Amino acid sequence: MLRNEVFDVVDFASFQRFWQRFEHFLEDRMVQGHLNILEGHGLIPSDFADENGRLSYWAGDQQYQIDYHEIVREWIVTIQ
């Protein structure tokens, strides 16, 4: 399930696999989920890219970066 997959994020390719699964769950409305990062920035992140070995993304008009190993701590998925 997604909770386990977020622990497998180590690079951009593994993040993309995780994010596609997360979006799929949301589209199917099979689960309600959120990422803690959404509460901090108020918007769903988008336009993901790898920048110097870090995940780069946009939330609104602001760009953010995070190390892949920090995603599991910062972007915990809650499934109800």
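Points worth noting:
- Summed over region 27-73, residues that are open to solvent by 70 Å² or more (accessible area, probe 1.4 Å) and at pLDDT 55 or above total 16.
- Test result for I76, β-branched (V, I, T), within 11 Å of the chain's Cα centre (by Cα), at pLDDT below 85 and open to solvent by 90 Å² or more (accessible area, probe 1.4 Å): no
The values are calculated or read from the model by the stated rules, or taken from the named source; none is laboratory data. Please read these numbers as outputs of a predicted model, since none were measured by experiment. Quick note on the areas: whole protein, heavy atoms, side chains included, nothing else; ligands and nucleic acids left out. Shrake-Rupley method; radii C 1.70, N 1.55, O 1.52, S 1.80 Å.
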